[in-house]
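Scroll down for the structure; my scribbles are underneath it.
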Amino acid sequence: MKTYSAKPKDVERKWYILDASAVPLGRLSVEVAKLLMGKNKPQFTSHIDVGDYVIIINAKQLKVTGDKLNKKIYYRHSNYPGGLKETLLKDQISKNAASVIVHSVRGMLPVNKLRDDRLKRLKIYDEATHNHEPQKPITITLKEGN
């Protein structure tokens, strides 16, 4: 018996909707990463991009646990001496909530040539409205765990 390997022309991509206000950021990011990679499909092949499109709504109402809103810090550097900038999570969410989700999901995807193409299939909206109704997306409800 031969091992099955998916071909790029055989990939069928579906559209999924996830609500960012339903579960904490980490649980949301794990599910999004699985869908973008195609780990939920039986024809998953690690070197072929078999993942789906993911729409995240209500990004402004992102949930985090504990005191992460006040203690989690995002760093960036301007490449000049003394150019280290710090931003708290609550400030980053108010400025650009999509960047917080992208940063989290990007860290959960494998570091290879497929990562950027997978991230292009991630669509994030601050409110509950989106313009992807013609694609007939499937709503996935995530449960709050213990």
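With N as its number of residues, the stretch 7-87 has a Cα radius of gyration that, divided by 2.2 N^0.38 Å, comes to 1.49. In this calculation the C-beta distance from K143 to F44 is compared with R0 = 30 Å, giving a FRET efficiency of 0.80. With neighbour counts taken as other beta-carbon atoms within 10 Å, the residues I73, I140 rank, fewest first, as I73, I140. Only DSSP H runs of four or more residues enter the estimate; each adds -39500 (n - 2.57), and after division by the residues of the chain the mean residue ellipticity at 222 nm equals -9000 deg cm²/dmol.
Using the average count of surrounding beta-carbon atoms within 10 Å as a protection proxy, the listed peptides 46-59, 7-20 rank, highest first, as 46-59, 7-20.
Straight-line cross-link partners of K41 among the lysines, defined as a Cα under 22 Å from its Cα and at least 8 positions apart when in the same chain: K2, K7, K9, K14, K113, K120, K123, K136, K143. Average 1/r across all pairs of distinct alpha carbons in the chain, invert it, and you get the Kirkwood radius: 16.7 Å.
On the basis of the beta-carbon distance and an R0 of 30 Å, K72 and K14 show a calculated FRET efficiency of 0.40. Look at the alpha carbon pairs under 8 Å that are at least 6 residues apart: their mean separation over the length of the stretch 19-146 gives a relative contact order of 35 percent.
Any read-out appearing in this document is the output of simple, stated calculations on the displayed coordinates, not a laboratory observation. None of these values were measured; they are calculated from a predicted model. We place every Cβ from the backbone using ideal geometry, glycine too, and count neighbours over all the protein chains shown.
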